[in-house]
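> So that we are looking at the same thing, I have put the structure below in structure tokens.
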Amino acid sequence: MSVRRGVLFDIDGTLVDTSYLHTVSWWQAFRQAGMDVSMARIHRAIGMGGDQLVHEVADGTADDRAQELITSHDAVYSAYWPGLRLLPGARELVLHCHQAGLVTVLASSAGSAEFDVLTRVLDLGEVIDATTGSADADSSKPDPDIVLVALEKAGLQPENAIFVGDAVWDVQASAKAGLRCVGVESGGTSAAELVEAGAVRTYRDAADLLARFDGSPLDFS
């Protein structure tokens, strides 16, 4: 029996160009709440779940106020949905993985409405074998819950899978789940930071990874 192998893809900042839109949306949410948090500090936390992001950049925020901030962020961010765009090579990379016989998984912690928007932008149809959303996990990145659920849904063992993500939180969540992570710089985090966090290899973006697919960690042949 052949070994089942696959790739788990983060979406925001990895496949869809949203990282800085999330940064601006969080900045506006904090400002509306009378909290002055710099965009640079917010951007470094992008990739975390909203609850963890609030406590990361504004330690001491009460849980009820954190939920208000999340709701505010979501309202601001939704205004950007009609203009969301794919990152270079995103759709082509996922298609190539599928055609190479790999199980392809979208491992996102987005809410259901946002996830529907992201998947419409990706327009990958039957290519995706499994997906996760915020309702699938009790805790968000950098905790490993989303990654573990994605592996289970896809029927994959950690040693036979690779995670592709753009944030140090992706790398940390993957490591806690026992699988390797390939980093892409398309979310605004540098290769050096991704490697320091534990990424096994880094690429400029999905297009760069696709161009150098042969011999990459995604090439299980």
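Just so you know, all these numbers are worked out from the coordinates, no wet-lab data involved. Bear in mind the structure is a predicted one, so any value in this text is a computation, not a measurement. All Cβ positions, glycine included, derive from the backbone under ideal geometry; neighbour counts span all protein chains shown.
> With springs only between Cα atoms under 10 Å apart, run a GNM on the chain and tell me which of 82, 144, 158 wobbles the most.
Largest GNM mean-square fluctuation: 82.
> Right, here's the next one. Can you run phi through the Karplus equation (6.51, -1.76, 1.60; θ = phi - 60°) for segment 38-45 and list ³J(HN,Hα) in whole Hz, with x for Gly and Pro?
Using θ = phi - 60°, the values come out as 5, 4, 4, 5, 5, 4, 5, 9 Hz.
> Quick one: putting +1 on the C-beta of Lys and Arg, -1 on the C-beta of Asp and Glu, what dipole do you get for segment 1-139 around its Cα centre, in Debye to the nearest 20?
440
> Also: Would you kindly state how much longer the chain becomes between residue 113 and residue 75 on full extension, computed as 0.36 nm times their sequence separation minus their alpha carbon distance, in nm to one decimal? Intermediate results must be reported in sequence, preceding the final value.
Working: separation 38, 0.36 × 38 = 13.68 nm, distance 1.16 nm.
The span from residue 113 to residue 75 would gain 12.5 nm if fully extended.
> Another question about this same structure. Angle between the Cα long axis of helix 145-154 and the longest principal axis of the chain, 0 to 90 degrees, nearest 10?
Long axis of 145-154 versus the principal axis of the chain: about 30 degrees.
> As a test of the formula, what do you get for the chain when each DSSP H run with n ≥ 4 contributes -39,500 (n - 2.57) and the sum is divided by the residue count, at 222 nm and rounded to the nearest 500 deg cm²/dmol?
-13000 deg cm²/dmol, from helical runs alone.
> If each residue of separation counts as 0.36 nm, what is the full-extension length gain between residue 100 and residue 159 once their alpha-carbon separation is subtracted?
Gain on stretching residue 100 to residue 159: 19.4 nm.
> Another question about this same structure. Starting from the amide H of residue 201, placed 1.01 Å from N in the peptide plane, find each other amide H under 5 Å away whose residue is 5 or more places distant or on another chain.
Result for residue 201 returns 183.
> Sticking with this structure for a sec: So I have (1) 164; (2) 108; (3) 151, and one of them is volume of the Cα convex hull per residue in Å³ calculated from this model. Which one is it?
Recomputing volume of the Cα convex hull per residue in Å³ here picks out (2).
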